[in-house]
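The next block holds one structure in the form of structure tokens; read it before the comments.
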Amino acid sequence: MNGMVRTLGRVVVEGIERLGRAGLFIFDVVRGTAELRSRFGLVVQQIYAVGVLTLLIILVSGLFVGMVLGLQGYNTLVKFGSANSLGLLVALSLVRELGPVVTALLFAGRAGSALTAEIGLMKATEQLAGMEMMAVNPITRVIAPRFIAGVVAMPLLAALFSAIGVLGGHLVGVGLLGVDAGPFWSQMQAGVDFYGDIMNGVIKSTVFGLVCSGIAVFEGYDAVPTSEGVARATNRTVVYSSLAVLGLDFVLTALTLGEV
Amino acid sequence: MNTSPSGSRDALVEIRNLRFSRGERLILNDLSLDIPRGTVTAIMGGSGSGKTTILNLIGGRIKPDTGQVLVDGISVPDLSTRELFELRKRMGMLFQTGALLTDLSVFENVAFPIREHTKLSETLLRKVVLMKLETVGLRGARDLMPSELSGGMARRVALARSIALEPMMIMYDEPFTGLDPISKGIIAKLIRELNRSLGITSIVISHDVPETCLISDYAYLLGDGHIIGQGTPAELQKSNSEYVRQFMDGLPDGPVPYEYPAGDYLQDLMEEAA
């Protein structure tokens, strides 16, 4: 019993200590972003690495999610004679929820894990220590550009996910199931509010970008510099990011709807 | 034994009564040593004896529990991050793995510190980088990526990079480990030649006795967290100290025991598995 209490205490204290370390680290990274004006090229390079290279998985997933929404939505709406609202349902589901959330989950799996592994391996091969000894701050040179790239890329990827998802819904709803294209688009145009819906999605995906990128770079920087340590860190990035995205999604939805 | 080498009044690095521990484990205890300017000074000792820790303390990557670390008269543990980075511009360090940036070519690796700290034009930068690469005999490898280099070549590129800003000192962390005899010879020759031609101070951390003795002017032997032997390589070779003899001759047993401390062997065997 004593042993269990001791272990529990140790785990809690270590967890709090790690959280504190992560907070200080992110503070340093945010401070480091101030110096990125002279390193704009690095940010562009990283936007390519975490954004453009994630495009394929985002677009393919977005298309299929949109198509499934088209199918499921049609089957439900047609029972109430509201099949013409399919466009609105697909668009709102994607823009408010599925776009930001699924994009963030995919981002954590594809780009977040890659960021952690890359930074962790740079640490294990003494590249970060080498930079420090060359009087170059690795937080400014390596971490900050990757962090900012993630924050910038996430809303753009989420927007593309939603856009291609709407096309997927259109493909199934209008192309296969015979919903009229006119109401499909016009109800969407009338029902989707720029500030209430689209900006809601943009805010969500920006927050998810901050959280996923923050977790990914911290886990990489804090990784035990061995192959096992990097593997564990990569694993933690995906798990923590996914849990954080799903938890924050509820909080952000509650806040924007003002229902809770 | 914690005395300074004779005739080293002008020391670039001075370490005084230094104590450093990691958690419960005491790594360095009451360590004092001087690194004279313009010399190649070796710090030798077994694996895990705290040699690399000394380099990290000199470079300001870690802070001692107590004691002084002075580099060029500046107390390293007391420096702010900005001041530390200014000092590091005058230090070079060759890591055991080379620590080359894997996403940059050989040329860009050597150019890296110059680009970060100077505003040289591309024309001038190209000339400087090619000169540094020529110094280590790898001008022709400028377009290769680090993954295309052998261990010895990677270390030579890292050496070219560490002299890019023309430092006052270079710290070599196990420069001979994992290299074939030819590469070892090349690195040893480069350490000696760079020391002479650039007039820099070199600190070589190694457990490779023959190569290190060949190039060093003075050597410290580290054991149990402090200096247990020192002198010129010739003096160390003639030392009567048991520990020094064991290390220099590579004897399997001696003051450093062959066996890791354990309980009674018979009792251990007779005990039932827990």
Somewhere in segment B:46-54, is a residue away from chain A (no Cβ under 11 Å) and without any contact (Cβ under 8 Å) to a residue 24 or more places away in the chain?
-> yes
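A:A114 - would you say it is out of contact with any Cys (no Cβ under 7 Å at 6 or more places or on another chain) and closer than 19 Å to A:M154 by Cβ? Give the derivation first.
Values: out of contact with any Cys (no Cβ under 7 Å at 6 or more places or on another chain): yes; closer than 19 Å to A:M154 by Cβ: yes.
Here the answer is yes, as A:A114 does meet what is asked.
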Out of (1) at pLDDT 90 or above; (2) more than 18 Å from A:L167 (Cβ to Cβ), the one A:V90 does not meet is (2)
Can you tell me which residue among B:A262, B:A164, B:A219, B:A234 is closer than 30 Å to B:D72 by Cα and out of contact with any strand residue (DSSP E or B) (no Cβ under 9 Å at 6 or more places or on another chain)?
-> B:A234
Residue within segment A:155-168 that is part of a helix (DSSP H, G or I), within 14 Å of chain B (Cβ to nearest Cβ) and either within 17 Å of the chain's Cα centre (by Cα) or over 21 Å from A:V52 (Cβ atoms) (or both) present | no
In segment B:61-85, which residues are closer than 26 Å to A:T140 by Cα and among the acidic types (D, E)?
-> B:D78, B:E83
B:L179 fails exactly one of the following numbered conditions: (1) of a type in the set (A, V, I, L, M); (2) without any contact (Cβ under 8 Å) to a residue 60 or more places away in the chain; (3) surrounded by 23 or more Cβ atoms within 10 Å (Cβ to Cβ); (4) not in a helix (DSSP H, G or I). What is the number of that condition?
-> (3)
Counting just the residues of segment A:129-152 that are facing chain B (nearest Cβ under 9 Å) and touching a residue at least 40 places away in the same chain (Cβ under 8 Å), which one comes out surrounded by the most Cβ atoms within 10 Å (Cβ to Cβ)?
-> A:R141
Pick from segment B:63-112 the residues that are of a type in the set (V, I, T) and loosely packed, with under 14 Cβ neighbours inside 10 Å: which of them is farthest from the other protein chains (Cβ to nearest Cβ)?
-> B:T66
A:V245 fails exactly one of the following numbered conditions: (1) modelled with pLDDT of 95 or more; (2) over 23 Å from A:T103 (Cα atoms). What is the number of that condition?
-> (2)
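So is B:D30 surrounded by fewer than 18 Cβ atoms within 10 Å (Cβ to Cβ), away from chain A (no Cβ under 11 Å) and more than 21 Å from B:D173 (Cβ to Cβ) or not? If you could, list the steps in order and put the result at the bottom.
Working: surrounded by fewer than 18 Cβ atoms within 10 Å (Cβ to Cβ): yes; away from chain A (no Cβ under 11 Å): yes; more than 21 Å from B:D173 (Cβ to Cβ): yes.
Here the answer is yes, as B:D30 does meet what is asked.
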Is it the case that A:L106 is away from chain B (no Cβ under 14 Å), under 22 Å from the mean Cα position of the chain (by Cα) and at pLDDT 95 or above?
-> yes
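The values are calculated or read from the model by the stated rules, or taken from the named source; none is laboratory data. The structure displayed is predicted, hence computed values, not measured ones. Note that each Cβ is placed from the backbone with ideal geometry, even for glycine, and that neighbours are counted across all protein chains shown.
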